[in-house]
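Structure record follows, encoded as structure tokens.
Nothing in this text is a laboratory measurement; each read-out follows from the coordinates by a stated rule. Computed from a predicted model, the values in this text were never measured in an experiment. All Cβ positions, even for glycine, are placed from backbone atoms using ideal geometry, and neighbour counts span all protein chains on display.
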Amino acid sequence: MKNNRIALKLGFIIIAVFLIVLVFLGLTIGRLFTSFYFDRMQTENEELGSHFAVMAQSDSTSGEMMKTFAEFSNVSIFNVNAKSEVILHSGTHDSSDRNMIRSADLDRIFAGEKVNYIYTGPSGIRYFVSGQPIYEQDAVTSALYVMSSTEKMEQSLLAARNPLILSGIGAFLLALGITWIIAQYLSRPLLIMQQATRKIAAGDLETRLDMKSKDELGSLAQAINDLAADLQRYRDTRQEFLANISHELRTPITYLEGYTQVLRQELYETAEEKNKYLEIIHDEALRLRHLVEDLFDLAKMEEGKINLQLDGVNMSDLTQQVVRKAELKSIEKGLNLKYNETGTMRQIHADKKRMEQIILNLLENAVRYTEKGEINVSLTYTSSAVLLVVEDSGMGIPEDELPYIFERFYRVEKSRSRQYGGTGLGLSIVKKLVELQGGQITVTSQVNQGTRFEIQFIRQPSCQEAGE
Ligand code: ADP
């Protein structure tokens, strides 16, 4: 029952509206019908009154004839003289009840006017009354009242009202049925959607709704399907993410356990060998630290909780600082690290620390995955943008793997970055940071030729002034 509340509410509203319309219509039709009938009866009574008046004025008509005619016509007649005395009476209406003869009306009749009104007798019966003047040689000699009961008319009105009421009840029942069908038709999809969302909430993310209608209900069903698909994707990537994290943590921990064991049991032969193991332990601990820091950064970014300290950043100074930081490692590897700048320096609106993290990450990757040749870092200022390029002549990335390198934990040749000390999270963090600051990152690469990362920031007008 609780589930059908919408259908009930809807049904109730439709029926209430229908009832109001039906009652209003019924009353109006009834009133129109009654007033039409009343008017017609009153006119007939008046015509009858005129007829009796003509008879009364004729010398050939006797009082008896008028009485017989009145009985035949089912009306009562009263002939009243100027003193308000009844000089002729016929019909069922009691001659002693003369309340319908009002002096004001008599005055009007004797002044030559006709009067028409409805009179309610002492027994509650209503009458159409028509009073007319009787002339003798152009002078009003008496007033003739014709009274006909409304009883018959009311009976026939009642008889006509019954089919009206019956058809009203029929229409009401029909409306009730139709309303029920409409309410079911509208509420059923809602109930189905409610059940589906409950299933989705309970974890059954494969649940989908099969509703093809192009109305609001159809688009609501589509939205639920999209939501379920998103949740499913989210759950799958989260599972994959957790599996990756545990895998990433397990490897350094295994190294740490193994080499500390070797050191504890003094399984080395020379001091040199011992130092080598200590260095491995140190490297693995460092890798763990980076991993935890990267994970923390990613989590914050994905929750939208990262606070960027946006300010005017001098990209030339910043890039050169980062290049200097990476210089030592590139010299160690015998690489030629070059910096070059074109255009007029302009500041951009960005977070300096995060920008440094982006450039350093790209540069460290370039050094890490390049064995010989050179690394070029360049900044190009145009009137509308700032373009940063980090290009190396290293091992490159196969074309079919390029679309995935910004994904978390994605590595070209799984052992590659472990061997070089990466966490597999660097580029996904870089991409997120670039996008958070309104920039775009693209990559092009050729195996054994090198890789080129391009970051473009469209300049905001406010930064242009700051830098110039
Ligand atoms: P990692 O910390 O393991 O380097 P990244 O997310 O920074 O992780 O990079 C993802 C993968 O992309 C790396 O494992 C590496 O295989 C590849 N890659 C990144 N930069 C370069 C580059 N400059 N040259 C060749 N391969 C690269």
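Structure values in brief
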{"read-out": "Relative exposure of R346, R198, judged by other C-beta atoms within 10 Å (fewest first)", "value": "R198, R346"}
{"read-out": "Estimated dipole of the range 310-467 in Debye, rounded to 20 [Cβ of Lys and Arg +1, of Asp and Glu -1, Cα centre]", "value": "400 debye"}
{"read-out": "Neighbour cut-off at most 14 other Cβ (10 Å), DSSP loop, GluC sites (Glu not before Pro), the range 234-331", "value": "E266, E269, E303"}
{"read-out": "Value of D in µm² per second that Stokes-Einstein yields for the chain, Kirkwood Rh from Cα pairs, at 37 °C (0.692 mPa s)", "value": "99 µm²/s"}
{"read-out": "Helix runs (DSSP H) in the chain reaching 24 Å along axis by Cα, Kyte-Doolittle at least 0.0", "value": "5-57, 151-201"}
{"read-out": "Partners for K214 among lysines (Cα-Cα distance below 27 Å; same-chain residues under 8 apart left out)", "value": "K9, K199"}
{"read-out": "Lys, Arg +1 and Asp, Glu -1 on Cβ, resulting dipole of the range 5-155 about Cα centre, debye, nearest 20", "value": "1100 debye"}
{"read-out": "Gap separating the Cα centres of the range 322-348 and the range 247-265, nearest whole Å", "value": "36 Å"}
{"read-out": "Of the trypsin sites (Lys or Arg not before Pro) in the range 83-134, those whose Cβ has at most 13 other Cβ within 10 Å and which sit in DSSP loop", "value": "K83"}
{"read-out": "Footprinting exposure proxy for M315, M65, M153 (fewest neighbouring C-beta atoms within 10 Å first)", "value": "M65, M153, M315"}
{"read-out": "Dipole moment magnitude, nearest 20 debye, the chain about Cα centre, only Lys, Arg, Asp, Glu C-beta charged", "value": "940 debye"}
{"read-out": "Residue among T370, T28, I101 farthest towards the positive dipole end of the chain, charges placed on Cβ", "value": "T370"}
{"read-out": "In nm, spacing of pseudo-spin labels at N448 and E64 (7 Å Cα→C-beta vector)", "value": "14.7 nm"}
{"read-out": "Listed residue (T237, I455, S60) projecting farthest to the positive dipole end of the chain, Cβ model", "value": "T237"}
{"read-out": "Formal net charge of residues neighbouring D392 (Cβ-Cβ distance under 12 Å; K, R +1; D, E -1)", "value": "+1"}
{"read-out": "Equivalent-ellipsoid semi-axes of the range 54-177, from the Cα gyration tensor, Å, largest first", "value": "39, 15, 13"}
{"read-out": "Directionally averaged projected area (convex hull, Cα atoms, the range 216-302), nm²", "value": "7.0 nm²"}
{"read-out": "Fully extended contour minus Cα-Cα distance, from R126 to I182, at 0.36 nm per residue", "value": "15.3 nm"}
{"read-out": "Whole-number percent relative contact order across the chain, with pairs defined as alpha carbons under 8 Å at least 6 apart", "value": "10 percent"}
{"read-out": "Mean ellipticity per residue at 222 nm, deg cm²/dmol - from DSSP H runs of n ≥ 4 across the chain, formula -39500 (n - 2.57)", "value": "-20000 deg cm²/dmol"}
{"read-out": "Reach of K353 by Cα under 19 Å, taken over lysines that are not fewer than 8 positions away in the same chain", "value": "K300, K305, K325, K431, K432"}
